[in-house]
Amino acid sequence: MTQFLGEYEIKLDAKGRLVLPAALLRQLPVEAGGKLVVNRGIEKCLSLYPANEWDAQMAELNKLNPYVKENREFVRYFLRGATPVELDSANRILLPKHLLEHAAIEKDLVLAGNLNNIEIWSKALHTSLLDNEPEDFSALAEKVMGGRFNG
């Protein structure tokens, strides 16, 4: 199972490409074969998945009952904009313009490891997100994770 870690501030080049930092390249699973999928994130960011992790996401989505309206709507929105991308010889990825616009990414961005994917944020939105962290992170941690451990 892939577990990306780290935050990296980088810049897009004039053609809308980003260079994947060496530390993230080392975390890419061999099973992905250098193939990736970029998609809209749940918040106003992009999510970059190695191909094998994307396939696992698709397998989960295929388990949803398509006759339930909420399932159809979720799948439709989740897949909106999903685009296969590959690393070039310089370890760059070309990000589609419509996805850059969705995430308000112009030049400065942050790559943030997020378990099985890499979130791609505009630097300004990422800074704002972190500046607005939950008032009581301890209470949130207890709510989300508190019942998961015995003892």
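The values are calculated or read from the model by the stated rules, or taken from the named source; none is laboratory data. What you are looking at is a predicted structure, and each value in this text was computed from that prediction instead of being measured. Glycine gets a Cβ as well: all are built from the backbone with ideal geometry, and neighbour counts include every protein chain shown. Note: accessible area is taken over every heavy atom of the protein model, side chains too, but ligands, DNA and RNA are not part of it. Shrake-Rupley method; radii C 1.70, N 1.55, O 1.52, S 1.80 Å.
Quick look at the values:
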| item | result |
| --- | --- |
| Residue in the range 81-94 that is touching a His at 6+ places or on another chain (Cβ under 8 Å) and at pLDDT below 95 present | yes |
| Failed criterion for residue 136 (all others in (1) under 14 Å from residue 41 (Cβ atoms); (2) acidic (Asp, Glu); (3) more than 21 Å from the chain's Cα centre (by Cα) hold) | (1) |
| Scope the range 38-96; condition assigned to a loop (DSSP other than H, G, I, E, B), small (Gly, Ala, Ser) and either surrounded by 12 or more Cβ atoms within 10 Å (Cβ to Cβ) or without any contact (Cβ under 8 Å) to a residue 24 or more places away in the chain (or both); matching residues | 41, 81, 82, 89 |
| Of residues in the range 106-145 being in contact with a Leu (Cβ under 7 Å, 6 or more places away or on another chain) and open to solvent by less than 20 Å² (accessible area, probe 1.4 Å), the one nearest to residue 51 (Cα to Cα) | 117 |
| Output for the range 17-27, where each listed residue is in contact with a strand residue (DSSP E or B) (Cβ under 6 Å, 6 or more places away or on another chain), closer than 25 Å to residue 80 by Cα and not charged (D, E, K, R) | 18, 19 |
